[in-house]
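Asks: Here's a structure for you.
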Number of protein chains: 2
Amino acid sequence: MLSHVSIVLVGTSHPGNIGAAARAMKNMGLQHLVLVSPDSFPHPDADSRASGAGDVLSGARVVSSLAEALADRTVVFGASARQRTLPWPVVEPAVAAKGAMAAAAQGGRVAFVFGREDSGLSNDELQRCHYHVQIPTVDGFSSLNLAMAVQVISYELRLELLGLLEKARGKARPSTRSADLMLSPRDEGWDVELASMEEVDQFLIHLEQVLVEIEFHDPDRPRQLLQRLRRLFLRAHPDRMEINILRGVLRNVQRKAAISDGNKPH
Amino acid sequence: MLSHVSIVLVGTSHPGNIGAAARAMKNMGLQHLVLVSPDSFPHPDADSRASGAGDVLSGARVVSSLAEALADRTVVFGASARQRTLPWPVVEPAVAAKGAMAAAAQGGRVAFVFGREDSGLSNDELQRCHYHVQIPTVDGFSSLNLAMAVQVISYELRLELLGLLEKARGKARPSTRSADLMLSPRDEGWDVELASMEEVDQFLIHLEQVLVEIEFHDPDRPRQLLQRLRRLFLRAHPDRMEINILRGVLRNVQRKAAISDGNKPH
């Protein structure tokens, strides 16, 4: 099930960190690495730090935007070192791993996103994630090396996998981690497949357009409106039918709004 | 209590790994580093990888034998990648951390010992340890980078410390490790109060009314539309500001729809 999980590194400066992350991934059984606009890749420093995980590096997908990296994903966690101005659902690594593996077990496609060495993920990038995952650190020295953060998350994913394997074999794992926890209250028996990130993004773009047309949203005075709506809908984890319903509602609103403006429907 | 725990690195070849280990330790609140016969220390590579943890490096004790490093310790864990010919008590990292912190709480002095990059700890060295600690990895690619192994153990120690602190304060930690179940990952630090059920219901009634007005919803052929929308919004657990935003959107839609119907706004 770890094959359903990808590690996404955004804007990495030091190719050595890419190699070290690849090695950490492979140690824990992860294979899918996606690089969003790395500064230097491929690079000899990446190869040397990968040390036996060259296959993860050579299989890495390099893309030019985070949206592209996440297009087919259904559950996205973004690594964040600190509380943001707009609070977001924050989980600790073990909880994230549990949620990720539960999603993967149902065919979900999961991504963990890690930001730049110096500045992490931007607010805009973090707002593309369903959850923020925070690795607990001491106050005042909270910035983990990038590959170390990948190691901790990959380690938690492996522990969760082992826990699930043990459970499947009918014996409880003698560990503190065996408690049940549900990231989303829809782990079992959902009737419709979760919407992909691309489908959710298209809905949010459509929503923004309608909010402008009905004069609710003024792009020149954005306040936090769009971020708050994005956060709300990501939190709900819409399935495909729900997204279809919401898009249908938006189309009907546009038709009405166009009539009221004396224009043709869109 | 982490001040009772030291990290001991034996025969380290690459000074960069010493620096990276120091950073990982400091991130997690550990300070005491002991180096047994390092190949090169101090070294600029150690300084550069330590990146802010220079105090851990400058406070490191350099000794010439493992026995000397362990002389004042009461509980010793040795990192081991594989099963030894002579079986030894083997624990996983979370269990080791629990044991270490329990010992520290009673005034014990704990060490975690890590071996050489290429060959780990010798049998003789491992036999100086009370327990062997094994970080779970995939078969066939089991050798973690040295600093990564230090990161995983330091992380588990921090988790255990946090768990103990919470317990001491009399509240369970909302974690998979305390057997608590968290339905919503936003228990703490949200900026706005959650909406009451009444507020959510009023929004849903308003939404239904608008869906009729924009001719999206036909009350005579309800299908499952309203149930699906109710389920979606309940799942998101909206806060009061989010409900206010959504109500505002509905009002603007009604204003536009009323104009298009040639009626006054509601």
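The values are calculated or read from the model by the stated rules, or taken from the named source; none is laboratory data. What you are looking at is a predicted structure, and each value in this text was computed from that prediction instead of being measured. So basically every Cβ, Gly included, is an ideal-geometry build from the backbone, and we count neighbours across all protein chains shown.
Asks: Tally time: how many residues in the range B:11-32 are surrounded by 23 or more Cβ atoms within 10 Å (Cβ to Cβ) and within 23 Å of B:Ala103 (Cβ to Cβ)?
Replies: So the count comes out to 7.
Asks: I would also like to ask the following. Do we find that A:Glu208 is in contact (Cβ under 8 Å) with a residue 12 or more places away in the chain, farther than 30 Å from A:Tyr131 by Cβ and not assigned by TED's automatic domain parsing to the domain that holds A:Arg128 in this structure?
Replies: Taking the combined requirement at face value, the residue does not satisfy it.
Asks: In the set A:Leu157, A:Leu165, A:Leu144, A:Leu183, which member is at pLDDT below 85 and either touching a helix residue (DSSP H, G or I) at 6+ places or on another chain (Cβ under 6 Å) or not in a helix (DSSP H, G or I) (or both)? If you could, list the steps in order and put the result at the bottom.
Replies: Values: A:Leu157 fails: at pLDDT below 85; A:Leu165 fails: either touching a helix residue (DSSP H, G or I) at 6+ places or on another chain (Cβ under 6 Å) or not in a helix (DSSP H, G or I) (or both); A:Leu144 fails: at pLDDT below 85.
Only one candidate qualifies: A:Leu183.
Asks: A further question follows. Name every residue in the range A:116-125 that is touching a helix residue (DSSP H, G or I) at 6+ places or on another chain (Cβ under 7 Å) and not in a helix (DSSP H, G or I), in order of residue number.
Replies: A:Glu117, the sole residue that qualifies.
Asks: Across the range A:132-168, what is the total count of residues that are under 26 Å from A:Gln224 (Cβ atoms) and surrounded by 24 or more Cβ atoms within 10 Å (Cβ to Cβ)?
Replies: Selection size over the range A:132-168: 2.
Asks: Which one of these does B:Ala96 not meet: (1) free of Cβ contacts under 8 Å to residues at least 12 places away in the same chain; (2) within 14 Å of chain A (Cβ to nearest Cβ); (3) among the small types (Gly, Ala, Ser)?
Replies: Here B:Ala96 clears every test but (1).
Asks: Separate question: Taking the range B:53-98, which residues are assigned to a loop (DSSP other than H, G, I, E, B), loosely packed, with under 15 Cβ neighbours inside 10 Å and modelled with pLDDT of 95 or more?
Replies: Let us first name the residues in the range B:53-98 that are assigned to a loop (DSSP other than H, G, I, E, B), namely B:53, B:59-60, B:64-65, B:71-74, B:80-89, B:92.
Narrowing the set further to residues that are loosely packed, with under 15 Cβ neighbours inside 10 Å leaves B:59, B:64-65, B:71-72, B:82-87, B:89.
B:Gly59, B:Ser64, listed by residue number.
Asks: State which residue is surrounded by the fewest Cβ atoms within 10 Å (Cβ to Cβ) when the search covers only the range A:202-249 and only residues that are at the interface with chain B (Cβ under 8 Å from one of its Cβ atoms) and part of a loop (DSSP other than H, G, I, E, B).
Replies: A:Glu215
Asks: Just to be sure before I move on: is A:Ala22 more than 10 Å from chain B (Cβ to nearest Cβ), outside any strand (DSSP E or B), small (Gly, Ala, Ser) and within 20 Å of the chain's Cα centre (by Cα) in the structure I sent? It would help to see each step written out before you state the result.
Replies: Numbers: more than 10 Å from chain B (Cβ to nearest Cβ): yes; outside any strand (DSSP E or B): yes; small (Gly, Ala, Ser): yes; within 20 Å of the chain's Cα centre (by Cα): yes.
Yes: the conditions hold for A:Ala22.
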